[in-house]
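**Student:** Quick one: the structure is below, and I'll ask about it shortly.
The values are calculated or read from the model by the stated rules, or taken from the named source; none is laboratory data. Given the structure is predicted, the values throughout are model-derived calculations rather than measurements. Don't worry about glycine lacking a Cβ; one is built from the backbone with ideal geometry, like all the others, and counts go over all protein chains shown.
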Ligand code: NI
C-alpha cells in the first residue's frame with residue numbers, strides 16, 4: 001500500500017465530474033485501499049478519488065475516532081433521500097486549516113457498491129451522514145465552500161491566494 005498525494009483546492013480535477021466504475025478490477029481495489037491508507041495518515045475522516053488525482057466515482061470514509069476502524073469504501077455512491085438539515089462545522093483535506101459551518105441532512109439513505117461488487121443500501125445519521133454528503137459532493141465536482149455565502153467564499157479564496165504566494169498551499 002502507499003500514501004497518495006492529496007491535491008488542494010485550485011486543482012481543476014476537484015471541479016471535474018467523475019466517471020462511474022463499471023468493473024471492480026484489481027486496480028480499483030488497490031486505489032481504494034491506498035485512498036483509505038492516505039486518509040488515515042492525513043489524518044482525515046473522508047477522501048474522494050478526485051482528491052488523489054483520479055476522476056472515478058470512489059470515496060472512502062471512516063468517522064470512528066481513536067484508531068478503532070470502521071471504514072466505508074463507496075463505489076458509485078448515490079444519496080437517495082435525506083431529512084432534517086442541521087448546521088455543523090466542516091473541513092476538507094483539500095482545504096487545510098479551513099473550517100466552516102455547512103448545513104446538511106442529519107439523516108440520509110444512500111446506495112453504493114462495495115469492493116465485492118455488492119449493492120448496499122444504508123441509512124446513516126449524524127457525522128457519518130455529513131461525511132457521506134461531503135464525499136459524494138466531491139464526486140460531482142462540488143466542494144464544501146460552495147455552500148457558503150458569496151462574501152465568505154471570496155474571503156476564503158483571497159486567503160488561499162495569499163497562502164499560495166507564501167508557498168503555504
Ligand atoms: Ni473534502
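**Student:** So residue 142 clears everything in (1) in contact (Cβ under 8 Å) with a residue 60 or more places away in the chain; (2) within 11 Å of the ligand (Cβ to nearest atom) except one condition, right? Which one?
**Tutor:** Failing condition for residue 142: (1).
**Student:** Let me ask something additional. Given the structure, is residue 145 assigned to a helix (DSSP H, G or I), in contact with a strand residue (DSSP E or B) (Cβ under 8 Å, 6 or more places away or on another chain) and surrounded by fewer than 18 Cβ atoms within 10 Å (Cβ to Cβ)?
**Tutor:** So residue 145 does not fit the description; no.
**Student:** So which strands (runs of 3 or more DSSP E) are wholly in segment 33-133 and hold at least 3 residues that are surrounded by 14 or more Cβ atoms within 10 Å (Cβ to Cβ) and within 12 Å of the ligand (Cβ to nearest atom)?
**Tutor:** 46-48, 58-61
**Student:** List every residue pair whose Cβ atoms sit under 6 Å apart, with the two residues 6 or more apart in sequence or on different chains, where the first one lies in segment 152-169 and is farther than 15 Å from residue 97 by Cα and the second, anywhere, is modelled with pLDDT of 95 or more and part of a loop (DSSP other than H, G, I, E, B).
**Tutor:** As it stands, the answer is none, since no pair meets every condition given.
**Student:** Show the residue pairs that are 6+ apart or on different chains and have beta-carbon atoms under 6 Å apart, the first residue being within segment 13-36 and modelled with pLDDT under 95, the second being surrounded by 13 or more Cβ atoms within 10 Å (Cβ to Cβ) and in a loop (DSSP other than H, G, I, E, B).
**Tutor:** Partner pairs satisfying both residue conditions: 17/141.
**Student:** Can you tell me how many residues in segment 9-32 are over 21 Å from residue 114 (Cα atoms), touching a helix residue (DSSP H, G or I) at 6+ places or on another chain (Cβ under 8 Å) and part of a loop (DSSP other than H, G, I, E, B)?
**Tutor:** Count: 3.
**Student:** Taking residue 48 as the residue in question, decide whether it is in contact (Cβ under 8 Å) with a residue 60 or more places away in the chain, in contact with a strand residue (DSSP E or B) (Cβ under 6 Å, 6 or more places away or on another chain) and farther than 14 Å from residue 136 by Cα.
**Tutor:** For residue 48, the condition - in contact (Cβ under 8 Å) with a residue 60 or more places away in the chain, in contact with a strand residue (DSSP E or B) (Cβ under 6 Å, 6 or more places away or on another chain) and farther than 14 Å from residue 136 by Cα - is not met.
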